[in-house]
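> Encoded as structure tokens, here's the structure I'll be asking about.
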Amino acid sequence: MWDEIKVSVPPGTGIHPLIKEIYEATVKITEADAKTAEAEWKRVTHEEGSPQFSAMPSVNLRPAGAGVDIVIRYITRAGVRVETRNHLFAIIVDLMQDLSKEDRNLAPVSPHGTLSD
């Protein structure tokens with residue numbers, strides 16, 4: 001089954017590295033389910049050659065009121081949907097926290113040792 005999660009990202013966040021890392025993590029986590037789905041699709045449709053169906057996840061941006069929303073779509077089995085969803089949310093939160101720490105470390109410092117505005 002296809003599942004979708006949405007994560008809001010505040011303005012000023014380095015979005016492109018975050019999207020790349022979310023995509024790579026989603027591919028890794030859902031790889032087995034995606035392969036199973038593609039094999040089942042091919043078996044059911046008796047399709048030869050390259051399939052018209054792709055079970056690869058997608059990560060897209062949508063404008064939001066304050067910043068952007070990242071929308072992640074992926075294939076998962078119904079029986080493990082909640083586990084997969086929670087695993088992805090945990091990874092995304094970790095990635096966002098890591099990115100936030102990097103942003104703070106790169107913030108300019110004034111000559112008085114405080115963060116500049």
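The values are calculated or read from the model by the stated rules, or taken from the named source; none is laboratory data. Quantities reported herein were computed from a predicted structural model and do not represent experimental measurements. Note that each Cβ is placed from the backbone with ideal geometry, even for glycine, and that neighbours are counted across all protein chains shown. Side chains are part of the model used for accessible areas, which takes the heavy atoms of the whole protein and leaves out ligands, DNA and RNA. Shrake-Rupley method; radii C 1.70, N 1.55, O 1.52, S 1.80 Å.
> Quick one: in the range 9-28, of everything that is farther than 22 Å from VAL82 by Cα and open to solvent by 80 Å² or more (accessible area, probe 1.4 Å), which residue is nearest to the chain's Cα centre (by Cα)?
LYS20
> Looking for something open to solvent by 90 Å² or more (accessible area, probe 1.4 Å), under 21 Å from ASN86 (Cα atoms) and part of a loop (DSSP other than H, G, I, E, B) - is there at least one such residue anywhere in the range 1-8?
Yes, because at least one residue in the range 1-8 is open to solvent by 90 Å² or more (accessible area, probe 1.4 Å), under 21 Å from ASN86 (Cα atoms) and part of a loop (DSSP other than H, G, I, E, B).
> Taking the range 53-99 as the search range and keeping residues that are touching a Pro at 6+ places or on another chain (Cβ under 7 Å) and modelled with pLDDT of 95 or more, which one is farthest from ARG43 (Cα to Cα)?
ILE72
> Also, quick follow-up: Counting just the residues of the range 59-92 that are open to solvent by less than 40 Å² (accessible area, probe 1.4 Å) and polar (S, T, N, Q), which one comes out farthest from GLY14 (Cα to Cα)?
Among those that are open to solvent by less than 40 Å² (accessible area, probe 1.4 Å) and polar (S, T, N, Q), it is THR76.
> Report every pair of residues separated by at least 6 positions or lying on different chains whose Cβ atoms are under 8 Å apart, first residue within the range 87-98 and among the small types (Gly, Ala, Ser), second assigned to a helix (DSSP H, G or I).
Matching pairs, first to second residue: none at all.
> Can I ask one more? Residues in the range 29-37: is at least one open to solvent by 50 Å² or more (accessible area, probe 1.4 Å), of a type outside the set (Val, Ile, Thr) and closer than 21 Å to ALA90 by Cα?
yes
> Taking the conditions exactly as written (modelled with pLDDT under 90 and out of contact with any His (no Cβ under 8 Å at 6 or more places or on another chain)), does HIS46 satisfy them or not?
Working: modelled with pLDDT under 90: yes; out of contact with any His (no Cβ under 8 Å at 6 or more places or on another chain): yes.
So HIS46 fits the description; yes.
> In the range 51-65, what residues are within 15 Å of ALA34 (Cα to Cα) and in a loop (DSSP other than H, G, I, E, B)?
If the condition is that a residue be within 15 Å of ALA34 (Cα to Cα) and in a loop (DSSP other than H, G, I, E, B), then PRO51, GLN52, PHE53, SER54, ALA55, MET56, PRO57 are the ones that fit.
> For GLU102, indicate whether it is of a type in the set (Asp, Glu) and either in contact with a Phe, Trp or Tyr (Cβ under 8 Å, 6 or more places away or on another chain) or modelled with pLDDT of 80 or more (or both).
Values: of a type in the set (Asp, Glu): yes; either in contact with a Phe, Trp or Tyr (Cβ under 8 Å, 6 or more places away or on another chain) or modelled with pLDDT of 80 or more (or both): no.
No; evaluated as a whole, the condition is false for this residue.
> If you don't mind, there's one more thing I want to ask. Would you please name the residue that is farthest from the chain's Cα centre (by Cα), looking only at residues in the range 66-81 that are part of a strand (DSSP E or B) and farther than 14 Å from THR26 by Cβ?
GLY67
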